[in-house]
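Quick note: the coordinates plus some simple rules give every number you see, no bench work behind them. Because the structure is a prediction, the values reported are computed rather than measured. Cβ atoms come from the backbone with ideal geometry, glycine included; neighbour counts cover every protein chain shown.
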Amino acid sequence: MVAGGESYGAIRDGVVVVRAGRIEWLGPEVDAPAELVADPATSVDGAGGWVTPGLIDCHTHLVFGGDRAHEFEMRLQGATYEEIARAGGGILWTVKATRAASEDGLLAAAGPRLLALMAHGVTTVEIKSGYGLDLESELRMLRTARRLADEYSVRVSTTLLAAHALPPEFDQDRVGYLDLVCNEMIPRAAEEDLADAVDAFCEGIAFTSEECARVFDAGARHGLAIRLHADQLSDLGGAALASAHAARSADHLEYTSEAGVRAMAAAGVTAVVLPGAFYFLRETQAPPIEAFRANGVPIAVATDLNPGSSPVGSPLIAMNLACVLFRLTPEEALAGMTRNAAPVLGLQGELGTLEVGRRADLAVWGIGHPAELAYWVGSNPCSAVVQGGLLRGGGAG
Ligand code: DI6
Ligand code: FE
């Protein structure tokens, strides 16, 4: 996936040599230095398939209590996502279930969802809070996310999304809730190293751009990276707001204007597209992909795995949806889950491409051409995963 060369940065009949968790050499097998060719006992045979960087799912909400299958039924009867949210369902429904869950309960519920992503080649996953909306519940979600990394030996990046919805107890006191977020939640999450970034939902049913700006200022003061759920259901100028705060990414972006795209390009903000939410909410306006391309805005793709708008547990299905619904090329979709996803988590130079010195997170696929990763729907050609130089579930490395 190194940009600029052959499509997909492909190396044919290649060998990847891994030592101490990093890529030590890679290239065509015929060129491999003899002293580096490992003995078969510590090798993984790709068997004529393909090896890619381990997939990076850079936007998920995979820690939560309960589910929202009943709202799926309501929406199919005609209710809209926003109507359900304004009637106290939606995100607040999941908040109730998440507040009622213990840390162990959240961990047990999230485990199978994480394993499903991992089985499809994911080696790094971002996990947001945002279903707690009080100090203890938000920190509990983030602690659960950190614990998932240890329990499942996978890289996890965490994001505090306390500005996801206004909790019922602050119904009449927006400023009071933002005080809590900025003066207590952000400092505690940063102090206890529970969050790597801060995110907010800039939307009519959530927070205004001024309110999100307050959250960003507090996050930046505490050394957290900035992200934004921007322009998903309407254009509140989210892309420009994220750009003004030097965000790593602006995410969703269905309603982003041309001016918003130009602001992102100037500020070096990555566009994270989330076709699972577009699909599941039956949205009709796609993000301005052509404008991202024309302005050189890097595009990442993620599952947005969450119980309300994107119950999508497969990165390959997200890639397929990005191609079919947003007309990304299969190569762009794969770059969106590798090379372009790494900077969203501040991991450029470490992950996202196969190059000497990068961390050895690799996925091995039983496919004849890399376009197949975005092509098959619902099957899983992932045949092996190497995480930090170790074969998952095996001994080689
Ligand atoms: N946008 C989304 O699509 C998710 N959060 C957000 O801000 C949905 C969250 C949910 O409906 O539970
Ligand atoms: Fe999201």
Exercise for review: Classify the stretch 319-396 as rounded, prolate or oblate from the Cα gyration tensor: take a ≥ b ≥ c as the square roots of its eigenvalues, call it rounded if a/c is under 1.5, otherwise prolate when a/b beats b/c and oblate if not.
Suggested key: oblate
Review point. Per-residue ellipticity at 222 nm for the chain, helices alone: DSSP H runs ≥ 4 residues times -39500 (n - 2.57), over residue total, nearest 500 deg cm²/dmol?
Key: -10000 deg cm²/dmol
Practice item. Assign one of three labels to the stretch 11-51, namely rounded, prolate or oblate, based on the Cα gyration tensor with a ≥ b ≥ c the square roots of its eigenvalues; rounded applies when a/c is under 1.5, prolate when it is not and a/b is larger than b/c, and oblate otherwise. Key: rounded
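How much length would be gained if the chain were fully extended between Trp25 and Arg282, taking 0.36 nm per residue of separation minus their Cα-Cα distance, in nm to one decimal? Don't jump to the answer; show the numbers that get you there.
Numbers: separation 257, 0.36 × 257 = 92.52 nm, distance 4.56 nm.
Length gained, Trp25 through Arg282: 88.0 nm.
Please compute, over every Cα-Cα pair in the chain, the percentage with a separation greater than 30 angstrom.
Numbers: 29395 of 78606 pairs.
Result: 37 percent of Cα pairs exceed 30 Å.
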Review point. Using 7 Å Cα-to-Cβ label points, what is the Gln77/Val175 separation (nm, one decimal)?
Key: 4.1
Practice item. Could you list which residues have their amide H under 5 Å from that of Leu328, counting only those 5 or more apart in sequence or on another chain, with H placed in the peptide plane? Key: Cys323
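Classify the stretch 73-188 as rounded, prolate or oblate from the Cα gyration tensor: take a ≥ b ≥ c as the square roots of its eigenvalues, call it rounded if a/c is under 1.5, otherwise prolate when a/b beats b/c and oblate if not. Present the calculation step by step, with values, prior to reporting the outcome.
Details: a/c = 2.24, a/b = 1.27, b/c = 1.77.
Cα axes put the stretch 73-188 in the oblate bin.
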Practice item. Please list the non-local residues whose amide H lies under 5 Å from the amide H of Gly27, H modeled 1.01 Å from N, same-chain partners needing a gap of 5 or more. Key: Val15
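Suppose R0 equals 51 Å. What FRET efficiency, 1/(1 + (r/R0)^6) with r the Cβ-Cβ distance, do Ala244 and Ala34 give to the nearest 0.05? Display every interim value, and only then the final one.
Values: r = 55 Å, r/R0 = 1.07.
The value I calculate is 0.40.
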Revision key, fill the gap. Calc'd 3J(HN,Hα), the stretch 77-83, phi into Karplus 6.51 cos²θ - 1.76 cosθ + 1.60 (θ = phi - 60°), Hz, glycine/Pro = x, comes to 7, x, 5, 8, 4, 5, 4
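Which order do the peptides 207-213, 39-45, 136-142, 77-83 take when ranked by the mean count of other beta-carbon atoms within 10 Å per residue, highest first? Let's see the in-between values first.
Numbers: 207-213: 18.6, 39-45: 11.1, 136-142: 22.9, 77-83: 13.0.
Descending mean neighbour count gives 136-142, 207-213, 77-83, 39-45.
Starting from the Cα-Cα distance between Trp376 and Asp67, subtract it from 0.36 nm times their residue separation and give me the gain in nm to one decimal. Mind dumping the intermediate values first?
Working: separation 309, 0.36 × 309 = 111.24 nm, distance 2.69 nm.
Full extension from Trp376 to Asp67 adds 108.5 nm.
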Review point. Can you list residues whose amide H is under 5 Å from Arg19's amide H, if they're 5+ apart or on another chain and H is modeled 1.01 Å from N?
Key: Glu24
Review point. Which whole-Hz ³J(HN,Hα) couplings does the stretch 265-282 yield from phi under the Karplus relation 6.51 cos²θ - 1.76 cosθ + 1.60, θ = phi - 60°, glycine and proline marked x?
Key: 4, 5, 8, x, 8, 7, 8, 9, 9, 10, x, x, 6, 4, 5, 6, 8, 6
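Considering only DSSP beta bridges where both residues belong to the chain, give the percentage that are antiparallel (nearest 5).
Working: 18 of 44 bridges.
Just about 40 percent of them are antiparallel.
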